Structures are given as C-alpha cells and as structure tokens.
C-alpha cells in the first residue's frame, strides 16, 4: 500500500517570549493512500500543528516528514494537498463559483477548465445551482461545503481538514459527516481530519490517532473495524461503542504525560 504521509520521530518546538513550547514530541506515523485518518486529543495537543507541518505552514524542529515521498516544501510547490480550515474563509465579495476558482486562477488553468472543475466540485458537495450566490447568502454548513469544494477543485490526492464542522450544530454536523463519507468514497482521497468529537472521529475514520496533552504525543493508533458503508445509526452498535471506549481510554491515558 502506498504511503502518502510519513512522520518519524517528529518534534516541533515554538519559541515564545515565555520560553519554548513543545507542541509535538517524537510523533511517528504512516498514512496510506485512501485512508481517512482522524486526529483527536485535548486543545493544544498538536493536532492542528501536525496538519500545518504537512502543509509547510510550520517547520519541525527535528525528525523526518514526507508527503508522497517529497518534503513538505516540494509537496506544497506541487500542490499535493488541499486544506480546509476551521472557518470557511470565503471572500464575501466573490460568488461561490469565484471562490472555488481562486486556486485555479492562481495555478493558471484556462477559463474553460476552471468552469468544468467548478461545476464538477459543486455537484460533488451538493451545491449545484448555488454557484452564483455569495457566501453571506448561504448557511454555515453550505459555506463549509463550498470551502471543501475549493480544496477539491485542483484535484489533489491529499485533503487536510482542520475541525471543519466544529462550529456547526449537531444536526448539520451529522448531515455533513454523512456527506463527507460519500465524498470520500466518490473521490478516493486520502483525508487527514482534526476533531474534538469522539463520535465524529469513530464515525468517519479508517484510523484514529489519539494524542496526549502538550507536548503532543501519540498515545494510541486505532484501526477501525467498521464497514466503509456507515449509516448514522451505526453509532448505536456495540462495535462502534467499543471503538469509542478505546478512544476515551487513550485520551485518559494521555493525561498521565501532562507536564
């Protein structure tokens, strides 16, 4: 199986006015092509820092990190990933189509290719017919779907998602979780997904990475035994609850590392 993300003994320390802050400590992890990997842990445990290191938005202090066999810089230059942030981060003066077009414009795609990609990704995220709307005319959930469409528009194999549904209410979140699984099945992307929600992590993932409080360490890596087809009511099954209990145990165990 092809390895998309590989980290070995990865550590990252921020230098602040109050002294060094150890955000990640000796993280070793491989993520295979087509996996859906969730990162879960308390605030400040390094989940987002790990995603940002993949995207070369942060620079590790030590250890090795590669994306499709490339350095993070090479991966960024080759547009090897799309990034979905916690907030939709859409430009309010641009329509949804124009927001999705932004990375395509930067990358020099022709107008015809831009329109084809925009139409395809709008359908993928069930926003067909909303391309001419502005972000303020859409609900929060629809804005996040537009943000996902923008990240998918240039067809990178790797999708980095930093708690994209955290600010949404539970009903919308459930719907988008279900839609995201359909999107993942349709595109066969590799997804790295940050969350604070145990049910969300278990429902979405083929692999769950449990992290400790700062300095962020991996306390458990759980390979899901759930089938790829997952109706929402799978969350009430004994198998689902057993995985959720193991995640909780890993989170509790992680607190023994707190400094």
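The values are calculated or read from the model by the stated rules, or taken from the named source; none is laboratory data. What you see is a predicted model; the values in this text were computed from it and never measured. Ideal geometry is used to build each Cβ from the backbone, glycine not excepted, and the neighbour counts take in all protein chains shown.
Filter region 70-81 down to the residues that are part of a loop (DSSP other than H, G, I, E, B) and in contact (Cβ under 8 Å) with a residue 40 or more places away in the chain, then identify the one that is surrounded by the most Cβ atoms within 10 Å (Cβ to Cβ).
As a first pass, look at region 70-81 and keep what is part of a loop (DSSP other than H, G, I, E, B): 71, 78-80.
From what's left, in contact (Cβ under 8 Å) with a residue 40 or more places away in the chain: 79-80.
Details: 79: 13, 80: 18.
Filtering first and then ranking leaves 80.
Would you check which residues across region 60-69 are loosely packed, with under 14 Cβ neighbours inside 10 Å and assigned to a loop (DSSP other than H, G, I, E, B) and list them? Working first, answer last.
So in region 60-69, the residues loosely packed, with under 14 Cβ neighbours inside 10 Å come out as 62, 64, 69.
Result: 69, single match.
Among the residues in region 158-170, are any out of contact with any strand residue (DSSP E or B) (no Cβ under 9 Å at 6 or more places or on another chain), assigned by TED's automatic domain parsing to the domain that holds residue 189 and free of Cβ contacts under 8 Å to residues at least 24 places away in the same chain? If you could, list the steps in order and put the result at the bottom.
At the first step, the residues of region 158-170 found to be out of contact with any strand residue (DSSP E or B) (no Cβ under 9 Å at 6 or more places or on another chain) are 167-170.
Now restrict to residues that are assigned by TED's automatic domain parsing to the domain that holds residue 189: 167-170.
Checking which are free of Cβ contacts under 8 Å to residues at least 24 places away in the same chain leaves us with 169-170.
Within region 158-170, one or more residues are out of contact with any strand residue (DSSP E or B) (no Cβ under 9 Å at 6 or more places or on another chain), assigned by TED's automatic domain parsing to the domain that holds residue 189 and free of Cβ contacts under 8 Å to residues at least 24 places away in the same chain.
Pick out the one residue from 146, 151, 186 that is in contact (Cβ under 8 Å) with a residue 40 or more places away in the chain, outside any strand (DSSP E or B), assigned by TED's automatic domain parsing to the domain that holds residue 76 and within 26 Å of residue 116 (Cα to Cα).
Details: 146 fails: assigned by TED's automatic domain parsing to the domain that holds residue 76; 151 fails: assigned by TED's automatic domain parsing to the domain that holds residue 76.
The conditions single out 186.
Residue-by-condition table, conditions (1) over 22 Å from the mean Cα position of the chain (by Cα); (2) part of a loop (DSSP other than H, G, I, E, B); (3) touching a residue at least 24 places away in the same chain (Cβ under 8 Å):
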{"residue": "58", "(1), (2), (3)": "no, yes, yes"}
{"residue": "92", "(1), (2), (3)": "yes, yes, yes"}
{"residue": "97", "(1), (2), (3)": "yes, no, yes"}
{"residue": "101", "(1), (2), (3)": "no, no, yes"}
{"residue": "113", "(1), (2), (3)": "yes, no, no"}
{"residue": "119", "(1), (2), (3)": "yes, no, no"}
{"residue": "122", "(1), (2), (3)": "no, no, yes"}
{"residue": "127", "(1), (2), (3)": "no, yes, yes"}
{"residue": "131", "(1), (2), (3)": "yes, yes, yes"}
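Within region 33-48, does at least one residue satisfy the condition of being crowded, with 17+ Cβ neighbours inside 10 Å and either closer than 15 Å to residue 8 by Cβ or not assigned by TED's automatic domain parsing to the domain that holds residue 8 (or both)?
The answer is no, given that none of the residues of region 33-48 is crowded, with 17+ Cβ neighbours inside 10 Å and either closer than 15 Å to residue 8 by Cβ or not assigned by TED's automatic domain parsing to the domain that holds residue 8 (or both).
Scan region 154-183 for residues that are within 14 Å of the chain's Cα centre (by Cα) and in a loop (DSSP other than H, G, I, E, B) and report the count.
At the first step, the residues of region 154-183 found to be within 14 Å of the chain's Cα centre (by Cα) are 156-166, 176-177, 180-181, 183.
Checking the rest, the ones that are also in a loop (DSSP other than H, G, I, E, B) come to 156-157, 163-166.
Qualifying residue count, region 154-183: 6.
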